[in-house]
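Down below is the structure, laid out as structure tokens.
Throughout, read-outs are computed from the coordinates displayed, never taken from laboratory work. Keep in mind it's a predicted model, so treat the numbers as computed, not measured. Neighbour counts run over all protein chains shown; Cβ positions are idealised from the backbone, glycine included.
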Amino acid sequence: MNPEGWLDSYDESLKQLAANAAKTDKALKEIGGEATSQDGQVTVRVTASGATSDLVLRHGVRDMDHEHLARVILETTKAAQRDAGQAVVDVMQEFLGEDSAALEYVKTSLPEGHEAADAPPKPPELKRDTRPDDDYFENPPELIQ
């Protein structure tokens, strides 16, 4: 191949990469995620970065305990972030390809994952030992290390 032909080919591939990058950038700016709580009382919308962009609380939240409402808002926000994460992965997969190391990095960088299956498991509820101190220290619980 002659040098001018190679340079023209290289220039064309750079233009194609720039066009793809601009298309991907535009798509990423339009991405968002949305989730509604199981009871339908809380809806959260987030940006591609996971920042909350909208929070809708319906009338039923007035009857909720404030701690329960806080938990519902956080869980719904995390679900919306997973939704946005999946949209980011879909866009980047088109740009980077399915099996690229860069796509794996994008996937691992999403704090709430990118699919509903990626939701972190809920920690087990800890039961408080209500035995009297004397009984507790005479018969301590078994510890697993």
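Residues considered: Ala84, Ala51, Ala22. Largest GNM mean-square fluctuation over the chain, using C-alpha springs under 10 Å, is found at Ala22.
Rounded to the nearest 500 deg cm²/dmol, what is the calculated helix-only ellipticity per residue at 222 nm for the chain, with -39500 (n - 2.57) per DSSP H run of length n ≥ 4? After summing the helix terms and dividing by the residues of the chain, the value is -17500 deg cm²/dmol. Neighbour counting of Cβ atoms within 10 Å sorts the residues Ser9, Ser37, fewest neighbours leading, into Ser9, Ser37.
Sorted ascending by nearby beta carbons within 10 Å, beginning with the fewest, Lys107, Lys15 become Lys15, Lys107.
Cβ-Cβ distance of Asn20 and Glu98, R₀ of 22 Å, FRET efficiency by 1/(1 + (r/R0)^6): the value works out to about 0.90. Pairs of Lys residues in the chain that lie 8 or more places apart, or on two chains, and have C-alpha atoms under 30 angstrom apart add up to 14. Sequentially through the range 54-60, phi angles give Karplus couplings (6.51, -1.76, 1.60; θ = phi - 60°) of 7, 9, 10, 10, 8, 4, x Hz, Gly and Pro residues having no value and appearing as x.
Would you mind ranking Leu17, Leu69 by Cβ crowding within 10 Å, fewest neighbours first? Mind showing how you got there, number by number?
On the way: Leu17 11, Leu69 18.
With the fewest neighbours first, Leu17, Leu69 line up as Leu17, Leu69.
Across Gln86, Gln41, Gln16, mean-square fluctuation computed from a Gaussian network of the chain (C-alpha pairs under 10 Å connected) peaks at Gln16.
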